[in-house]
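A.B. asks: Encoded as structure tokens, here's the structure I'll be asking about.
The values are calculated or read from the model by the stated rules, or taken from the named source; none is laboratory data. Fair warning: this is a prediction, and the values are worked out from it, not measured in the lab. We place every Cβ from the backbone using ideal geometry, glycine too, and count neighbours over all the protein chains shown. Quick note on the areas: whole protein, heavy atoms, side chains included, nothing else; ligands and nucleic acids left out. Shrake-Rupley method; radii C 1.70, N 1.55, O 1.52, S 1.80 Å.
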Amino acid sequence: MSPPREPSRGPEVTLSGVVERILWLDEETHFTIAELAPEAGDKVIILGNMTGLQCGETVDATGTWEHHPAHGPQLRVKTFQSRLPSSVHGIRKYLGSGLIKGIGKTYADKIVATFGVRTLDIISNQSGRLREVEGIGPGRAKSIKAAWEEQKALREVMVFLQTYGVTNALCLRIVKAYGQDAKKVVTTEPYRVCREVEGVGFKTADKIARNLGLPTAGPQRVDAGLLHTLEELEGEGHSAFPDEGLLEQATALLEVDRAVVQDRLRRLLDEQAVGFLDVKGVRLMQLRPQENAEKSIAASIRRLLAGPSGLPTIQADKAVEWAQGRAGFAFSEAQSAGVKMALLNKVAVLTGGPGTGKTTILRALCDILTAKRARVALGAPTGRAAKRMTEATRLPASTIHRLLKFDPAVGGFTANADDPLHADYVIVDESSMLDTKLAAALLRAIPSTAHLLLVGDVNQLPSVGAGNVLGDLIESGTAAVTRLDTVFRQGARSGIVTVAHGILHAETAPPEPVEDPAHLDFTQDIHFVKVEDPEACVAMVTKLCCEILPRALRLDPLRDIQVLAPMHKGTGGIQAYNQALQARLRGKDAKPGRIQPGDKVIQTRNNYDKLVFNGDFGVVLGLNEEGTLLIDFDGARIELERGEQSDLHLAYAVSIHKSQGSEFPAVVLPLLRQHSIMLARNLIYTAVTRGRKQVILVGDPTAYAMAVRNAADSRRVTSLLPRLKNLE
């Protein structure tokens with residue numbers, strides 16, 4: 001750890017100079033550490049919350065001096081103003097930072113050498129003259145001009161929004177949505193921004209609107225508050241919510257009279273901005289996309305159940321006997337029943353934990369269908385799950401997005417009701433991850449003559465997106481269901497499988513804790529290293545990932561070992577582990593808080609243009625002078641430009657939710673009492689079952705017991721279950 005800084009002291013001073021380097025940037029808090037070259041004197045370090053600060057800008061920074069024992073005097077900035085650079089050096093630095101697409105360091109030098117201090121005026125007002133620079137043709141000149149205009153719009157929005165806590169990444173999204181009208185839209189229709197730009201919350205829009213003088217109980221604000229409340233509930237996993245609960249939460253948020261909120265809710269219903277389903281006198285309110293998705297799922301299930309089977313004639317008993325001969329061993333009664341169920345029913349579910357034989361059933365079913373020349377389509381929510389499915393069945397599997405052929409040009413899936421999948425049988429693994437919208441798109445694309453089998457572990461965490469598709473389908477009784485609960489001999493030899501099933505049965509004792517990792521016996525596949533202090537836990541996790549596991553098991557820290565943590569912030573949170581692991585693994589090349597070549601990353605939002613999806617893991621291969629990253633996402637090489645990189649996070653450590661659908665050779669799972677607010681049985685069960693060869697829990701045994709005991713009902717409210725129960 002760095003020595004503590006001495007507190008700020010002395011009078012306020014103002015420094016003016018060019019920002020030479022950004023040393024540290026926290027996208028969430030805007031806390032920035034930068035190197036400033038003053039107009040006179042030596043370079044100095046400035047630090048503080050400086051939203052939108054860019055390399056090469058000229059800034060006027062006001063603050064007080066403080067002394068750092070290791071780095072010397074630093075200016076703690078209280079206020080700052082930035083302006084476009086006016087010196088040749090500043091302009092070269094600004095353009096060479098890669099801020100403007102189409103201009104890297106090489107072209108920055110050429111352009112400034114040609115136009116000098118007039119460079120920015122030329123780009124802004126006479127961009128055609130850029131063609132005077134060697135190597136710049138009409139196309140590049142046009143793209144530089146467009147990028148410059150976007151940057152100007154972004155700059156205006158950033159300056160306006162910096163007092164509202166809006167991150168640079170969100171400013172980029174706002175500018176992408178509204179272009180040069182961004183500032184106008186933000187200042188005149190702030191609630192529109194929170195509806196149309198993902199990530200801009202109601203509270204930010206509300207703060208802007210109230211500063212602009214919009215009425216507290218006005219229709220714009222109340223409507224936005226109601227829709228925001230439904231979005232928040234959706235973020236918690238609910239695809240619908242009772243109207244009384246919605247009114248209560250929205251009224252508390254808005255702090256206005258309940259009658260006003262109730263009246264606006266009626267208006268939203270009249271205008272069909274919000275949908276509802278009446279269930280035994282309770283009105284379940286829904287945002288329209290959720291309502292449409294759940295209606296579509298119910299309609300698709302009805303259609304599949306009513307449609308004739310497109311499979312060739314298969315005698316189930318004989319088919320199972322044949323599959324057993326091919327496998328070389330006798331199936332259990334439950335496994336045989338599972339294969340028959342899948343063959344004889346149009347819509348079926350196979351659920352069970354690790355070691356219970358799901359893979360055996362899947363392989364047998366695929367062998368039978370292939371032998372009968374049936375067309376089989378295999379899909380899973382993530383690339384890693386699809387790869388695992390291919391290994392298990394010996395048939396090609398793909399992600400659901402690729403199975404449905406997403407086309408960025410049309411902004412949707414090309415496999416749909418009008419152009420369904422060419423399949424007689426569709427099998428989806430890791431189905432607990434299916435949210436309502438993805439499930440609706442998948443089911444629409446399945447032809448009426450096809451069979452559907454959903455495979456998943458209903459005890460895992462539910463989908464990251466809203467809904468409870470697998471659970472609702474099982475509970476509704478609509479689908480034929482096989483539940484596997486017997487652990488077979490191979491699984492019984494695995495400590496991971498034994499502990500996972502112990503968690504489900506509320507066995508609160510963890511694997512025997514050890515305090516010295518030198519005592520770990522790696523002939524066993526699950527361990528508990530006892531560390532109670534959060535900082536010591538970070539150090540132990542780092543040692544395990546970077547020294548012990550690579551040495552003992554010859555594992556690659558980057559590709560084979562995954563840290564899964566329950567929380568994002570705090571001393572024992574995901575951010576802390578990422579910083580420590582990045583620093584240790586990247587060494588002198590590490591740039592804290594910034595993604596660089598060699599870093600392990602995860603995509604946190606669907607990027608349909610590049611066909612990279614939420615939860616995809618990758619390794620950064622390169623960074624060009626324009627700031628574009630080249631990333632290897634499980635074999636697919638994808639380039640992400642600056643504006644797309646806000647959805648990219650370090651992934652040395654990730655949340656347990658983000659690990660769904662993936663397995664890793666080794667999982668390291670920190671568990672501390674400070675995580676208590678997040679600890680739950682299905683959370684720790686999901687984490688433990690992500691490890692294929694090794695799982696090491698690190699932390700406090702009492703935190704483990706807290707998680708196992710916490711089986712609190714976190715049931716999601718949906719309209720899908722009543723819709724499925726009403727199928728005729």
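A.B. asks: Going by the conditions given, is LEU154 within 25 Å of the chain's Cα centre (by Cα) and under 28 Å from GLU625 (Cβ atoms)? Show your work before the answer.
C.D. replies: Numbers: within 25 Å of the chain's Cα centre (by Cα): yes; under 28 Å from GLU625 (Cβ atoms): yes.
So LEU154 fits the description; yes.
A.B. asks: Can you name the residue in region 256-286 that is under 32 Å from the mean Cα position of the chain (by Cα) and open to solvent by 70 Å² or more (accessible area, probe 1.4 Å) and is also nearest to ASP206 (Cα to Cα) among such residues?
C.D. replies: The extreme case among them is GLN272.
A.B. asks: Let me ask you something else. I'm checking my understanding of the structure. Among residues of region 217-248 that are more than 22 Å from ASP278 (Cα to Cα) and in contact (Cβ under 8 Å) with a residue 40 or more places away in the chain, which one is surrounded by the fewest Cβ atoms within 10 Å (Cβ to Cβ)?
C.D. replies: Taking the candidates together, the pick is GLY235.
A.B. asks: Kindly indicate the residue of region 403-421 that is surrounded by 15 or more Cβ atoms within 10 Å (Cβ to Cβ) and within 26 Å of the chain's Cα centre (by Cα) and also nearest to LYS358 (Cα to Cα) among those meeting that condition.
C.D. replies: LEU403
A.B. asks: How many residues, within region 87-116, are more than 40 Å from the chain's Cα centre (by Cα), among the polar types (S, T, N, Q) and open to solvent by 60 Å² or more (accessible area, probe 1.4 Å)?
C.D. replies: Adding up the residues that qualify gives 1.
A.B. asks: Since GLN694 meets every condition but one in (1) modelled with pLDDT under 95; (2) buried (at least 24 other Cβ atoms within 10 Å of the Cβ); (3) out of contact with any Gly (no Cβ under 9 Å at 6 or more places or on another chain), which condition does it not meet?
C.D. replies: (1)
A.B. asks: Can you tell me which residue is surrounded by the fewest Cβ atoms within 10 Å (Cβ to Cβ) among those in region 382-395 that are touching a strand residue (DSSP E or B) at 6+ places or on another chain (Cβ under 7 Å) and not in a helix (DSSP H, G or I)? If you could, list the steps in order and put the result at the bottom.
C.D. replies: Step one: list which residues in region 382-395 are touching a strand residue (DSSP E or B) at 6+ places or on another chain (Cβ under 7 Å), which gives 382-383, 386, 389-390, 393, 395.
Within this subset, residues satisfying the condition of being not in a helix (DSSP H, G or I) are 382, 395.
On the way: THR382: 25, LEU395: 17.
So, considering only residues that are touching a strand residue (DSSP E or B) at 6+ places or on another chain (Cβ under 7 Å) and not in a helix (DSSP H, G or I), the one surrounded by the fewest Cβ atoms within 10 Å (Cβ to Cβ) is LEU395.
A.B. asks: Just to be sure I understand, how many residues within region 497-535 are assigned to a loop (DSSP other than H, G, I, E, B), β-branched (Val, Ile, Thr) and either under 30 Å from the mean Cα position of the chain (by Cα) or crowded, with 20+ Cβ neighbours inside 10 Å (or both)?
C.D. replies: Count: 1.
A.B. asks: Sticking with this one: Considering each of ALA330, ALA319 in turn, give the residue that is touching a helix residue (DSSP H, G or I) at 6+ places or on another chain (Cβ under 8 Å) and outside any helix (DSSP H, G or I).
C.D. replies: ALA330 is the lone residue from the list that is touching a helix residue (DSSP H, G or I) at 6+ places or on another chain (Cβ under 8 Å) and outside any helix (DSSP H, G or I).
A.B. asks: Ok, one more. Which numbered condition trips up THR187, out of (1) under 22 Å from LEU720 (Cβ atoms); (2) over 29 Å from the mean Cα position of the chain (by Cα); (3) not hydrophobic (A, V, I, L, M, F, W, C)?
C.D. replies: With (1) under 22 Å from LEU720 (Cβ atoms); (2) over 29 Å from the mean Cα position of the chain (by Cα); (3) not hydrophobic (A, V, I, L, M, F, W, C) applied to THR187, the lone miss is (1).
A.B. asks: Hey, GLY355 hits all of (1) buried (at least 20 other Cβ atoms within 10 Å of the Cβ); (2) not in a loop (DSSP other than H, G, I, E, B) but one; which does it fall short on?
C.D. replies: (2)
A.B. asks: Would you mind finding the one in THR79, THR119, THR62 that is open to solvent by less than 10 Å² (accessible area, probe 1.4 Å), within 23 Å of ARG21 (Cα to Cα), polar (S, T, N, Q) and free of Cβ contacts under 8 Å to residues at least 60 places away in the same chain?
C.D. replies: Residue meeting the stated conditions: THR119.
A.B. asks: Just checking, which of ALA666, ALA580, ALA653 is touching a Phe, Trp or Tyr at 6+ places or on another chain (Cβ under 7 Å), farther than 22 Å from GLY411 by Cα and crowded, with 18+ Cβ neighbours inside 10 Å?
C.D. replies: Sole residue among the options that is touching a Phe, Trp or Tyr at 6+ places or on another chain (Cβ under 7 Å), farther than 22 Å from GLY411 by Cα and crowded, with 18+ Cβ neighbours inside 10 Å: ALA653.
A.B. asks: Please count how many residues of region 711-725 are open to solvent by 20 Å² or more (accessible area, probe 1.4 Å) and in contact with a Phe, Trp or Tyr (Cβ under 9 Å, 6 or more places away or on another chain).
C.D. replies: The total comes to 1.
A.B. asks: Kindly state which helices (runs of 4 or more DSSP H) lie completely within region 647-728 and contain at least 1 residues that are over 27 Å from ALA385 (Cα atoms) and β-branched (Val, Ile, Thr).
C.D. replies: The helices (runs of 4 or more DSSP H) meeting that bar are 701-709.
A.B. asks: If you go through region 193-207 one residue at a time, do you hit one that is at pLDDT below 95, open to solvent by 30 Å² or more (accessible area, probe 1.4 Å) and hydrophobic (A, V, I, L, M, F, W, C)?
C.D. replies: There is no residue in region 193-207 that is at pLDDT below 95, open to solvent by 30 Å² or more (accessible area, probe 1.4 Å) and hydrophobic (A, V, I, L, M, F, W, C).
A.B. asks: Now a separate question. When you look at LEU212, is it more than 29 Å from HIS657 (Cα to Cα) and either aliphatic (A, V, I, L, M) or open to solvent by 80 Å² or more (accessible area, probe 1.4 Å) (or both), yes or no?
C.D. replies: yes
Let's see how each residue does on (1) in contact (Cβ under 8 Å) with a residue 40 or more places away in the chain; (2) outside any loop (DSSP other than H, G, I, E, B):
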position	(1), (2)
ALA415	no, no
ASP419	no, no
HIS422	yes, no
ILE427	yes, yes
LYS437	yes, yes
ALA440	yes, yes
LEU443	yes, yes
ILE446	yes, no
LEU452	yes, yes
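A.B. asks: In addition: With farther than 20 Å from ILE368 by Cβ, open to solvent by less than 10 Å² (accessible area, probe 1.4 Å), in contact with a helix residue (DSSP H, G or I) (Cβ under 6 Å, 6 or more places away or on another chain) and of a type in the set (A, V, I, L, M, F, W, C) as the only criterion, which of ALA445, ALA440 stands out?
C.D. replies: Answer to the check: ALA440.
A.B. asks: Say we look at region 378-398 and pick out the residues that are touching a residue at least 60 places away in the same chain (Cβ under 8 Å) and under 29 Å from ALA319 (Cβ atoms); which of these is nearest to the chain's Cα centre (by Cα)?
C.D. replies: Going through the qualifying residues, I end up with PRO381.
A.B. asks: Examine region 563-575 for a residue that is in contact with a strand residue (DSSP E or B) (Cβ under 7 Å, 6 or more places away or on another chain), among the hydrophobic types (A, V, I, L, M, F, W, C) and either farther than 12 Å from VAL654 by Cα or open to solvent by 40 Å² or more (accessible area, probe 1.4 Å) (or both), and state whether such a residue exists.
C.D. replies: No, the conditions are met nowhere in region 563-575.
A.B. asks: Also, quick follow-up: Please go through (1) more than 23 Å from GLN660 (Cβ to Cβ); (2) free of Cβ contacts under 8 Å to residues at least 12 places away in the same chain; (3) open to solvent by 70 Å² or more (accessible area, probe 1.4 Å) for ALA299 and return the number of the only condition it doesn't satisfy.
C.D. replies: Single failed check for ALA299: (3).
A.B. asks: Looking only at region 134-163, which residues are crowded, with 19+ Cβ neighbours inside 10 Å and not in a helix (DSSP H, G or I)?
C.D. replies: If the condition is that a residue be crowded, with 19+ Cβ neighbours inside 10 Å and not in a helix (DSSP H, G or I), then ILE136 is the only one that fits.
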